[in-house]
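Working notes, structure below.
Please treat every number below as a calculation from the coordinates, not as lab data. Keep in mind that what you see is a predicted model, and the values were worked out from it rather than measured.
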Amino acid sequence: MLKLEVIVEVHQLKRQGFKVAAIARKCSLSRTTVYEYLEKDFEEACRWVDNLKIRQRKLDPFQDQILGWLKEHQDLSASQISVGKNLTFKR
């Protein structure tokens with residue numbers, strides 16, 4: 001389910017009278033996340049979800065190198081790539 005759909009569902013369940021703990025169980029979220037989602041109105045939630053799509057990720061600068069490693073060594077694990085990244089780019 002898309003993040004915006006989850007936020008809408010959280011609001012609907014709250015309007016139906018469900019407590020935060022019950023909403024958290026039904027939606028497989030933490031209570032903290034449910035409280036966070038309840039603080040957002042629909043427009044704010046839309047802006048937040050749109051921002052998630054375009055934000056910079058930590059590994060974006062290393063994407064080409066990681067893809068090169070995966071093409072060359074298809075059996076690499078995420079742990080090996082993490083160690084390789086730390087060793088290669090450590091200054």
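So who's got an amide H within less than 5 Å of the one on residue 29, skipping anything under 5 residues away but keeping other chains? H placed 1.01 Å off N, in plane.
The list, which skips near neighbours in sequence, is empty: none.
How big is the Cα convex hull of the chain in projection, averaged over all directions, in nm²?
That works out to 8.5 nm².
Given Cα pairs under 8 Å that are at least 6 residues apart, what percent is the relative contact order of the chain?
So the answer I get is 22 percent.
For the stretch 3-54, divide the Cα radius of gyration by the Kirkwood radius and give the resulting Rg/Rh value with two decimals.
0.97
For the chain, set up a Gaussian network in which alpha carbons nearer than 10 Å are linked by springs, and say which option among 81, 23, 54 fluctuates the most.
Top of the fluctuation ranking is 81.
Using 0.36 nm times the number of residues separating residue 25 and residue 59, minus their current alpha carbon distance, what extension gain do you get?
Working it through step by step, the gained length comes to 9.0 nm.
Running a GNM on the chain with Cα contacts under 10 Å, which residue among 62, 18, 42 ends up with the highest mean-square fluctuation?
62
Out of 29, 70, 52, any idea which swings most in a Gaussian network model of the chain, alpha carbons joined below 10 Å?
70
Lysine pairs in the chain with Cα distance under 29 Å, only those 8 or more apart or on different chains: how many are there?
22
Taking 0.36 nm per intervening residue step and subtracting the Cα-Cα distance, what contour gain separates residue 70 from residue 39 on full extension?
Taking residue 70 through residue 39 to full extension adds about 7.0 nm, to one decimal.
Counting alpha carbon pairs within less than 8 Å and at least 6 residues apart, what relative contact order, in whole percent, applies to the stretch 3-54?
Here the relative contact order equals 41 percent.
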